[in-house]
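Please read the structure below before turning to the comments.
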Amino acid sequence: MLKHLHLLFVALVIGIFFWRVYLAQFKPDMLANKWLKITPHILAGMLLLTGFGLVFQGNWLDGNYGWIVVKLILMFVFIGLGILTLKSEGEKRWYALAGSIFCLVYIVKVAFTKQIFWFI
Ligand code: HEM
């Protein structure tokens, strides 16, 4: 149940991020919309909360919890690069977007494998 909620917020956070990137590029005026400014914060907050909920529900801190720390750090890097993607222009925007997507892929990999270095 909590995991499905977590996954729902994962999908919503990713969905609204790409939607905002589209708007930033093609309809920048729409980004000023109040709801588009507030909702991402609520969704990211809920993602974090459900993540913490899962950590305690599954007693994940009893074992090797490095993957949780990595997820958390990468989530903040993703948020930082996400802001850079939306605020910068031209080539810089696409580099920041590539970095954001890399973070997301890494987070999902770590979520499933519980391995920090899943590529080794
Ligand atoms: C962008 C951010 C995040 C993404 C994309 C993400 C993605 C996922 C995915 C795909 C799963 C399901 C894994 C599976 O079914 O085996 C999952 C589970 C989980 N996530 Fe996240 N997550 C994010 C943030 C967080 C944060 C910030 C935390 C902790 C503070 C967290 C803690 C957990 C825990 C404990 C589970 C349960 C693992 C299990 O039951 O196997 N997640 N997450």
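Quick notes
- Looking only at residues of segment 1-53 that are of a type in the set (Phe, Trp, Tyr) and free of Cβ contacts under 8 Å to residues at least 12 places away in the same chain, we find that the one that is farthest from Arg93 (Cα to Cα) is Phe52.
- Test: residue in segment 19-29 that is part of a helix (DSSP H, G or I), open to solvent by 30 Å² or more (accessible area, probe 1.4 Å) and under 25 Å from Phe119 (Cα atoms): no
- Given (1) open to solvent by 30 Å² or more (accessible area, probe 1.4 Å); (2) among the hydrophobic types (A, V, I, L, M, F, W, C); (3) within 28 Å of Phe119 (Cβ to Cβ), number of the condition Met46 does not satisfy: (3)
- Just one of the listed residues (Leu97, Leu81, Leu104, Leu86) is in contact with a helix residue (DSSP H, G or I) (Cβ under 7 Å, 6 or more places away or on another chain), open to solvent by less than 70 Å² (accessible area, probe 1.4 Å) and away from the ligand (no atom under 16 Å from the Cβ), namely Leu86.
- Residue satisfying all of: in segment 54-71; open to solvent by 40 Å² or more (accessible area, probe 1.4 Å) and touching a residue at least 24 places away in the same chain (Cβ under 8 Å); farthest from the ligand (Cβ to nearest atom) among these: Asn64
The values are calculated or read from the model by the stated rules, or taken from the named source; none is laboratory data. Note that the structure is predicted; figures quoted are calculated from it, not measured. Using ideal geometry, Cβ is built from the backbone for each residue, glycine included, and neighbour counts are taken over all protein chains shown. Just so you know, the surface numbers come from the protein's heavy atoms only, side chains and all, with ligands and any DNA or RNA stripped out. Shrake-Rupley method; radii C 1.70, N 1.55, O 1.52, S 1.80 Å.
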